[in-house]
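**Q** Encoded as structure tokens, here's the structure I'll be asking about.
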Amino acid sequence: MTDPINPYAPPQSNILPAGNPDDIQQLASPWRRLGASILDSLIMMVVVLPIMWFSGYFTRIMEQAGRAGSWNMEQLLWAVVGLVVLIAINWNHLGRGQTIGKGIMDLRIVRKNGTPADRSQIILKRILPLQLIAQVPFLGAIFAFVDALLIFRAKHNTIHDDIADTKVIDLRQLPAV
């Protein structure tokens, strides 16, 4: 006796196997991440450096260096201006888990479990801590350098990835669903 349709049988469908999100989402290579970071830096320089030049910042900083001065409050002000500009020019991309550089390189920031990273998580946990630590004289520069070099670890994650519980994936490698 064959029953062509069994109403009590479990549904039959093709689903993705439950497993490691890295099996589905290919991590971005360190070189693509580096390329995206360089693009983001160039974009920031094109926007911020002319503003700094026309405000006379470079003249003041050179005069201060001539007087054997070091860190001052104006540097902190420019760090805040840079952060605001960074967020402003990337606002739409941050909603998609990207910066302009990551968008050009087809990369996206996601949570380590594979779910999308939202704008507030990217700003408050990825960008802001790195920017604050970078303002510490001498140690901030060392931290930023070490953080950047950590993309060459096995999982290609940096310290700011670890703080924010994120990873960067390559959108070109996503399987067709």
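All of the numbers you see were taken from the coordinates with simple rules; none came from a lab. Predicted model, so just to flag it, every value in this text is computed and none were measured. Cβ atoms come from the backbone with ideal geometry, glycine included; neighbour counts cover every protein chain shown.
**Q** Considering only residues that are touching a Pro at 6+ places or on another chain (Cβ under 9 Å) and free of Cβ contacts under 8 Å to residues at least 24 places away in the same chain, which ones fall in region 87-125?
**A** Residues satisfying the conditions are 96, 115.
**Q** Additional query: Anything in region 148-164 that is under 14 Å from residue 108 (Cα atoms) and acidic (Asp, Glu)? List them, or say none.
**A** Within region 148-164, just 161 meets the criteria.
**Q** State whether the residues of region 152-169 include one that is of a type in the set (A, V, I, L, M), assigned to a helix (DSSP H, G or I) and touching a residue at least 60 places away in the same chain (Cβ under 8 Å).
**A** no
**Q** Continuing with the same structure: Consider only pairs whose beta carbons are under 8 Å apart and that are at least six residues apart or on different chains; among these, list those whose first residue lies in region 126-150 and is touching a residue at least 24 places away in the same chain (Cβ under 8 Å) and whose second residue is of a type in the set (Asp, Glu).
**A** So the pair list comes out as 126/161; 130/147.
For every residue, the table says whether it meets (1) out of contact with any Phe, Trp or Tyr (no Cβ under 6 Å at 6 or more places or on another chain); (2) part of a loop (DSSP other than H, G, I, E, B); (3) of a type in the set (A, V, I, L, M, F, W, C); (4) exposed (fewer than 15 other Cβ atoms within 10 Å of the Cβ).
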position: 60; (1), (2), (3), (4): yes, no, no, yes
position: 74; (1), (2), (3), (4): yes, no, no, yes
position: 82; (1), (2), (3), (4): yes, no, no, no
position: 102; (1), (2), (3), (4): yes, no, no, no
position: 128; (1), (2), (3), (4): yes, no, yes, no
position: 142; (1), (2), (3), (4): yes, no, yes, yes
